[in-house]
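The values are calculated or read from the model by the stated rules, or taken from the named source; none is laboratory data. The shown structure was predicted, so the numbers you read here are calculated from the model rather than taken from an experiment. Cβ sites come from the backbone with ideal geometry, for glycine too, and all protein chains shown count toward neighbours.
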Amino acid sequence: MYSIYHFLKSLAAKKHLLNEVEKLSEFPYDTGLLSCRNEGQFPDMAIRVNKTKERFTGGELIELKDSDSYTVSSFNSTIPTRKKEISQIITSDSSIIKQQMEKAGDDIYSLPVRDVFYLVRGRKKGHTKVCLVYGSFFETIGVDSLINQSFSQVLEERLKESKMEISDDLKKSLLSIFSRQENFSKVRNVEKASVKLRFRVMTEVKAEGNILNPKKYPEICDDTLNLVLPCHSDKDENDIIGKARHVFGKKVFDEFKVFKIKHHFNGYFLVFQSLLS
């Protein structure tokens with residue numbers, strides 16, 4: 001059986017190493033849980049898909065975020081999200097991710113939409129915080145809406161500077177065209193140009209979305225390992241705790257302190273916290 005809970009349990013078994021390895025990518029992850037492992041492309045890791053998906057689907061995608069401060073490092077060429085379609089990641093039969101997943105025995109397309117997690121580590125003045133965070137901690141509005149509203153600001157600024165006016169319908173049409181990352185992330189080949197142009201997105205986390213920020217989220221203590229999951233109802237809480245108890249067993253479960261934190265933009269999250277030492 002595979003899931004993000006099994007992945008956390010495997011981290012907890014060697015948690016002292018999270019404070020010792022120079023890079024998060026050097027941690028000895030349990031490869032038996034993983035269907036793919038890469039560095040420098042999304043996802044850095046994926047959990048295997050379960051054949052029976054009644055309680056745990058598996059298939060979660062994980063990106064590593066390592067920082068020498070208590071600021072989540074920038075997202076280069078990606079926008080953090082809570083879910084990702086596997087078809088957006090595997091775009092050809094020659095994809096190394098596809099090859100790795102097939103070699104691991106995954107029925108890849110039996111789970112077309114995957115949950116996304118970020119394994120975030122921050123280090124400051126000899127202390128370490130490690131958080132395995134669900135993507136909705138960072139994606140508090142949809143990716144398309146984020147891009148749309150960002151381009152809206154650019155358009156409004158340029159219209160104001162140039163003293164031009166365009167109709168609201170034309171504005172909506174332009175913003176609709178530029179609301180999807182795929183529309184402008186491709187390499188563009190311009191005739192007679194000796195270079196190719198590619199627009200790349202860099203995403204920076206605000207203080208309100210920075211799980212490592214001690215002023216915004218003081219409950220996330222120094223030298224701890226944390227699992228952070230959205231929890232918007234009593235049903236969510238009972239379901240999460242039930243799954244954790246099932247996977248961890250009593251001994252490991254009792255090593256975790258369980259509590260809620262309130263996101264500044266996105267409601268409550270349930271935290272499982274354990275000391276790294």
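Descriptive notes on the structure:
- Remark: GLU237 matches the filter, which requires a residue to be touching a Cys at 6+ places or on another chain (Cβ under 6 Å) and farther than 28 Å from LEU17 by Cβ.
- Scan of segment 144-164 for residues that are loosely packed, with under 10 Cβ neighbours inside 10 Å and acidic (Asp, Glu), ordered by number: GLU161
- Strands (runs of 3 or more DSSP E) completely within segment 1-110 that count 3 or more residues being closer than 26 Å to ILE241 by Cβ and either assigned by TED's automatic domain parsing to the domain that holds VAL228 or at pLDDT 95 or above (or both): 45-47, 61-67
- Condition check for TYR118: among the aromatic types (Phe, Trp, Tyr), surrounded by 15 or more Cβ atoms within 10 Å (Cβ to Cβ), assigned to a strand (DSSP E or B) and at pLDDT 95 or above: yes
- Failed item in (1) more than 26 Å from GLY209 (Cβ to Cβ); (2) of a type in the set (Gly, Ala, Ser); (3) surrounded by 18 or more Cβ atoms within 10 Å (Cβ to Cβ), with ALA12 passing the rest: (1)
- Of all residues in segment 1-25 being of a type in the set (Ser, Thr, Tyr) and touching a residue at least 24 places away in the same chain (Cβ under 8 Å), the one that is nearest to VAL130 (Cα to Cα): SER25
- Out of LYS65, LYS98, LYS84, sole residue that is surrounded by 15 or more Cβ atoms within 10 Å (Cβ to Cβ) and free of Cβ contacts under 8 Å to residues at least 12 places away in the same chain: LYS98
- Residue in segment 159-172 that is out of contact with any Gly (no Cβ under 7 Å at 6 or more places or on another chain), part of a loop (DSSP other than H, G, I, E, B), of a type in the set (A, V, I, L, M, F, W, C) and over 30 Å from LEU229 (Cα atoms) present: yes
- Restricting attention to segment 97-149, the residues that are closer than 18 Å to SER87 by Cβ and among the hydroxyl-bearing types (Ser, Thr, Tyr) add up to 2.
- Filter result (among the charged types (D, E, K, R) and more than 17 Å from SER3 (Cβ to Cβ)) within segment 228-277: ASP234, LYS235, GLU237, LYS250, LYS251, ASP254, GLU255, LYS257, LYS260, LYS262
- Every pair of residues 6+ apart whose Cβ atoms lie under 7 Å, when the first sits in segment 246-264 and is in contact (Cβ under 8 Å) with a residue 24 or more places away in the chain and under 22 Å from HIS16 (Cβ atoms) while the second is exposed (fewer than 14 other Cβ atoms within 10 Å of the Cβ) and not aliphatic (A, V, I, L, M): none
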